[in-house]
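Worksheet: the structure to be examined is printed underneath.
Coordinate-derived values only; no laboratory data. Note that this is a predicted model, so its numbers are computed, not measured. Cβ sites come from the backbone with ideal geometry, for glycine too, and all protein chains shown count toward neighbours.
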């Protein structure tokens, strides 16, 4: 339990009463006109400038920091079964992987169960496997993928483990190296040229077919990976007693691939701006400083 003084309770009540919902709705609608906001894109710059303008209107001083970041943005993917039947399967490309050409490639598709992944021969094959193989909600990752790469895997198609919403095709990533790589860990980023994610429902149907043998598939997974300059927005409300000590309030500006970003993270950024506005109006009551940072590169960095 957090103990609060009567004065602090009154301040919290005043802040809650001062929330301007129409203002927040307007900010959200205007940011939705910018979205989707992919890191390293002109839209990201527009979003940062929009938030900077709003915060300055609320009486805050802002700074924009710029730095180079290693980003891996998925563009599009395609999965087609071409033998023994012809069938298209909805898919999304993994982030932080290699890339195919726009034409893609075809190869034999085999199924490898979780207990045999990393041991069964997969050279020059497109492997159909289960997300639960590595027990990670973001999908297969880390040294596991590097091992498959060394074994000569051609491509990987991962069946979503979520059977609560079995038709949803989630977008996953390999975050073995999270953030920009260093000389020490850049070789930990695997370069398997195609890793796709498919829904649980499609995956179960495809698994039945592939287990019969003789399946060939055509796969495309196009990525834009490299170093880009990206902006980080910062503002600070100085405290009155211990200004050198601060609480950091932060959020990411960019939206997930293949998503308009309605909740993630435009709603969050709108809430951050409103919190900054309210706290700045009551800055004389702050003992310590509050620093706000709106950072890029979260979804694909």
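Some observations on this one:
- Relative contact order [Cα under 8 Å, 6+ residues apart], the stretch 241-298, whole percent: 61 percent
- Straightening the chain between residue 63 and residue 149 buys 26.7 nm, computed as 0.36 nm per residue apart minus the Cα-Cα spacing.
- Contour minus Cα-Cα distance for residue 26 and residue 188 (0.36 nm per residue): 53.9 nm
- Volume in Å³ per residue [convex hull over Cα atoms, computed for the stretch 57-211]: 167 Å³
- Model label points for residue 49 and residue 88, set 7 angstrom from Cα along the Cα-to-Cβ axis, are 3.7 nm apart.
- Annotation: peptides 49-58, 149-158, ranked by per-residue average of other Cβ atoms within 10 Å with the highest first, follow the order 149-158, 49-58.
- Stretch gain in nm, segment residue 244-residue 13, where the contour uses 0.36 nm per residue and the Cα spacing is subtracted: 80.5 nm
- If you sort the three axes of the alpha carbon gyration tensor as a ≥ b ≥ c, you get a/c of 1.5 or more for the stretch 169-301 and a/b above b/c, which makes it prolate.
- Relative to the longest principal axis of the Cα atoms of the chain, the long axis of helix 6-17 lies at roughly 70 degrees.
- Global geometry of the stretch 4-101, whether rounded, prolate or oblate, following the gyration tensor of its Cα atoms and the 1.5 cut on a/c: prolate
- Relative contact order (%) - the chain, alpha-carbon pairs under 8 angstrom, separation at least six: 29 percent
- Bridge type composition, the chain - antiparallel percent by DSSP, nearest 5: 60 percent
- Cα-based equivalent ellipsoid of the chain: semi-axis lengths in Å, sorted from largest, via gyration tensor: 45, 19, 18
- Rounded Å value of the spacing that divides the Cα centres of the stretch 236-261 and the stretch 139-197: 30 Å
- Across the stretch 71-226, Cα pairs under 8 Å and at least six residues apart give a relative contact order of 42 percent.
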